[in-house]
Amino acid sequence: MGQALTLVVYGGSVRGDASLREAARVTRRRGGRLSVVALAPVEPEHARCCDMRSVLWNGVQRELAESELAKARLAVDDDPTVDLTVLGYPGLGAADAIAGHAAELDAERIVVADARAAGLGRWAQRRLRRRSVVPVSF
């Protein structure tokens with residue numbers, strides 16, 4: 001069996017930084033790996049249409065998520081063993097995207113570091129708990 005992986009859904013805030021540091025500390029102590037994601041909502045881009053708003057919106061959302069990951073990198077002292085990824089999701093599908101990504105990575109658990117800063121409301125939090133096959137902590 002490989003190293004256990006913890007998936008952290010990150011939102012840049014004092015609380016989010018503290019949660020991320022704690023998850024990194026616990027994961028290191030257990031000899032596991034840490035993967036951090038920042039969420040980016042994605043609108044469908046239609047090839048038939050000449051309207052570029054969705055393309056621009058998606059680009060801005062990706063840049064915002066990448067800036068969140070830059071904050072996460074600082075919170076874990078630029079640890080090269082921590083994977084940082086932008087996780088795009090359609091519409092209201094953040095919870096499904098997180099649960100699916102955790103399953104793809106074969107994560108042992110999901111830690112949401114400041115749900116509000118990460119963009120997860122109560123409805124999405126409940127949905128994530130229902131959809132995930134691994135424990136979720138907020």
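The values are calculated or read from the model by the stated rules, or taken from the named source; none is laboratory data. Bear in mind that the values here come from a model prediction, so they are computed numbers and not experimental data. All Cβ positions, glycine included, derive from the backbone under ideal geometry; neighbour counts span all protein chains shown.
Are any residues in the stretch 94-133 in a loop (DSSP other than H, G, I, E, B), surrounded by fewer than 16 Cβ atoms within 10 Å (Cβ to Cβ) and on the phi < 0 side of the Ramachandran plot, and if so, which ones? Hits for the stretch 94-133 are Gly121, Val133.
Would you confirm, using the coordinates I've provided, whether His101 is at pLDDT below 95 and not acidic (Asp, Glu)?
In short, no.
Here the condition is being in contact (Cβ under 8 Å) with a residue 24 or more places away in the chain, charged (D, E, K, R), out of contact with any strand residue (DSSP E or B) (no Cβ under 7 Å at 6 or more places or on another chain) and over 22 Å from Ser137 (Cα atoms); of Asp79, Asp114, Asp17, it holds for Asp79 alone.
Select, from Val42, Val26, the only residue that is among the aliphatic types (A, V, I, L, M) and closer than 17 Å to Ala94 by Cβ.
On the way: Val26 fails: closer than 17 Å to Ala94 by Cβ.
None of the others qualify; the one that does is Val42.
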